[in-house]
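A.B. asks: Could you have a look at this structure, given as structure tokens, before my questions?
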Amino acid sequence: PSPRAAIHSLTSSTPTAVEKTSDVDHLSSRYIGFRPGDGVTSTDEITVSVNMSDAQSGSRATLVSIAASSGATTYRPIPLDSEGDGQATVSFGAMLEVTLVLTNASDHYSGCAKFPLSVWTCNGTADGDNKTYGYSAAVGSSGVDPGDVTNPVVSAVKVRPAPVPRGKTARFGFHLDERARVRVVILRSGRKIATSNAAEFAAGSRCCVKWPVPRRAATGRYTAKVVATDPSGNKGVAKKVFKVVK
């Protein structure tokens, strides 16, 4: 078996897991294991959510399930939307392990023929290295209401300080109408450049999700997309435009 970047034991008292896996180079993968622990029943399911770059840039996510009784293996690709978000639910309680495979299949290169003596593809530089992929997981025994199909409402998004100087930390506050796990996606000219770690917040006005602005970040307008996911997997989104200055 491939070495795991992380292994999470999910129980009835700790039915969720959130982590961030970074530095996934091109043409490589990371393996995250989820194992049923105390209190998880044979009928429980696991829902795994991922936040990657979109599939066109080479991102892939797959769930590999190994049955505890027979050792049989099943594979379930996680479909990704245009922003690289995806989710899938599979059986968990009867499994020895469910493994999330995060793959960076980018084959984009720049500067082809720049290094004439190189043995690498097109003699150039890979553009897809150091991808940052996020994931979370929740077990069905966590009290999720299967009949809940209402998206959480995110409102009153604020950014402090305003504007945000390069090299400083932007703090994003917001209001939620229900408990949800929140992450902030930073966009510039429609392109995702950063994603915060996800954190869980209760309903009400909350602060803060933070983004350390790189010292060499381009100045100008950015968009913060606040994504809230409730325990049933429903998503609510709100956006806020802000400026980065010198």
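A.B. asks: Checking the condition modelled with pLDDT under 95, assigned to a strand (DSSP E or B) and of a type in the set (Gly, Ala, Ser), which residue from Ser136, Ser141 passes? Before you say what the answer is, go through the steps one by one.
C.D. replies: Working: Ser141 fails: assigned to a strand (DSSP E or B).
That would be Ser136, the only listed residue that is modelled with pLDDT under 95, assigned to a strand (DSSP E or B) and of a type in the set (Gly, Ala, Ser).
A.B. asks: Specify which of the listed residues (Ala17, Ala72, Ala6) is without any contact (Cβ under 8 Å) to a residue 60 or more places away in the chain, small (Gly, Ala, Ser) and closer than 30 Å to Leu187 by Cβ. Let's see the steps before the verdict.
C.D. replies: Details: Ala17 fails: without any contact (Cβ under 8 Å) to a residue 60 or more places away in the chain; Ala72 fails: closer than 30 Å to Leu187 by Cβ.
Among Ala17, Ala72, Ala6, only Ala6 is without any contact (Cβ under 8 Å) to a residue 60 or more places away in the chain, small (Gly, Ala, Ser) and closer than 30 Å to Leu187 by Cβ.
A.B. asks: How many residues are among the small types (Gly, Ala, Ser) and surrounded by 12 or more Cβ atoms within 10 Å (Cβ to Cβ) when one looks only at region 183-217? Step through it out loud before you land on a result.
C.D. replies: Of region 183-217, the ones among the small types (Gly, Ala, Ser) are 189-190, 194, 196, 198-199, 202-205, 217.
When the remaining residues are screened for being surrounded by 12 or more Cβ atoms within 10 Å (Cβ to Cβ), the result is 194, 196, 198-199, 203, 205, 217.
Total satisfying the criteria: 7.
A.B. asks: Return yes or no: is Arg171 in contact with a Ser or Thr (Cβ under 8 Å, 6 or more places away or on another chain) and among the basic types (Lys, Arg)?
C.D. replies: Numbers: in contact with a Ser or Thr (Cβ under 8 Å, 6 or more places away or on another chain): no; among the basic types (Lys, Arg): yes.
No.
A.B. asks: Hey, does region 113-132 have a residue that's buried (at least 17 other Cβ atoms within 10 Å of the Cβ), at pLDDT 70 or above, under 30 Å from Thr14 (Cβ atoms) and basic (Lys, Arg)?
C.D. replies: Checked against the condition, which is being buried (at least 17 other Cβ atoms within 10 Å of the Cβ), at pLDDT 70 or above, under 30 Å from Thr14 (Cβ atoms) and basic (Lys, Arg), region 113-132 yields at least one hit.
A.B. asks: Search region 1-22 for residues being under 19 Å from Asn197 (Cβ atoms) and at pLDDT below 75, and hand back the single one that is surrounded by the most Cβ atoms within 10 Å (Cβ to Cβ).
C.D. replies: Thr21
A.B. asks: Go through (1) in contact (Cβ under 8 Å) with a residue 60 or more places away in the chain; (2) under 19 Å from the mean Cα position of the chain (by Cα) one by one and return the number of the condition Trp211 breaks.
C.D. replies: (1)
A.B. asks: I've got another one for you. With respect to Ile66, is the statement that it is of a type in the set (A, V, I, L, M, F, W, C), in a strand (DSSP E or B), in contact (Cβ under 8 Å) with a residue 12 or more places away in the chain and farther than 29 Å from Glu200 by Cα true? Steps first, please.
C.D. replies: Values: of a type in the set (A, V, I, L, M, F, W, C): yes; in a strand (DSSP E or B): yes; in contact (Cβ under 8 Å) with a residue 12 or more places away in the chain: yes; farther than 29 Å from Glu200 by Cα: yes.
So Ile66 passes the test.
A.B. asks: Do you know which of the residues in region 178-206 that are outside any strand (DSSP E or B) and free of Cβ contacts under 8 Å to residues at least 40 places away in the same chain is nearest to Tyr135 (Cα to Cα)?
C.D. replies: So in region 178-206, the residues outside any strand (DSSP E or B) come out as 178-179, 189-190, 196-198, 202-203.
Filter once more, so that each one left must be free of Cβ contacts under 8 Å to residues at least 40 places away in the same chain: 189-190, 196, 202-203.
Details: Ser189: 25, Gly190: 22, Ser196: 12, Ala202: 20, Ala203: 22 Å.
Residue satisfying both the conditions and the ranking: Ser196.
A.B. asks: Next question, about the same structure. Being over 14 Å from the mean Cα position of the chain (by Cα) and modelled with pLDDT of 90 or more is the filter here; which residues of region 52-68 pass it?
C.D. replies: Leu63, Val64, Ser65, Ile66, Ala67, Ala68
A.B. asks: Report yes if Thr89 is of a type in the set (S, T, N, Q), under 21 Å from Pro231 (Cβ atoms) and in a loop (DSSP other than H, G, I, E, B), otherwise no. Talk me through it step by step, then tell me what you get.
C.D. replies: Details: of a type in the set (S, T, N, Q): yes; under 21 Å from Pro231 (Cβ atoms): yes; in a loop (DSSP other than H, G, I, E, B): no.
Criteria not met by Thr89.
A.B. asks: Name the one entry in Val149, Val157, Val209 that is closer than 28 Å to Ala88 by Cα, assigned to a strand (DSSP E or B) and of a type outside the set (Lys, Arg).
C.D. replies: Numbers: Val149 fails: assigned to a strand (DSSP E or B); Val157 fails: closer than 28 Å to Ala88 by Cα.
None of the other options fit; the residue is Val209.
A.B. asks: A follow-up question, please. Return a yes/no flag: does region 164-179 have any residue that is closer than 25 Å to Val40 by Cα and among the aromatic types (Phe, Trp, Tyr). First the steps, then the outcome.
C.D. replies: Just the residues of region 164-179 that are closer than 25 Å to Val40 by Cα, to begin with: 179.
Now drop any that are not among the aromatic types (Phe, Trp, Tyr), which leaves none.
Checked region 164-179: no residue is closer than 25 Å to Val40 by Cα and among the aromatic types (Phe, Trp, Tyr).
The values are calculated or read from the model by the stated rules, or taken from the named source; none is laboratory data. Computed from a prediction, not measured in an experiment: that's the story for all the values here. Note: ideal-geometry Cβ built from the backbone for every residue, glycine included; neighbour counts use all protein chains shown.
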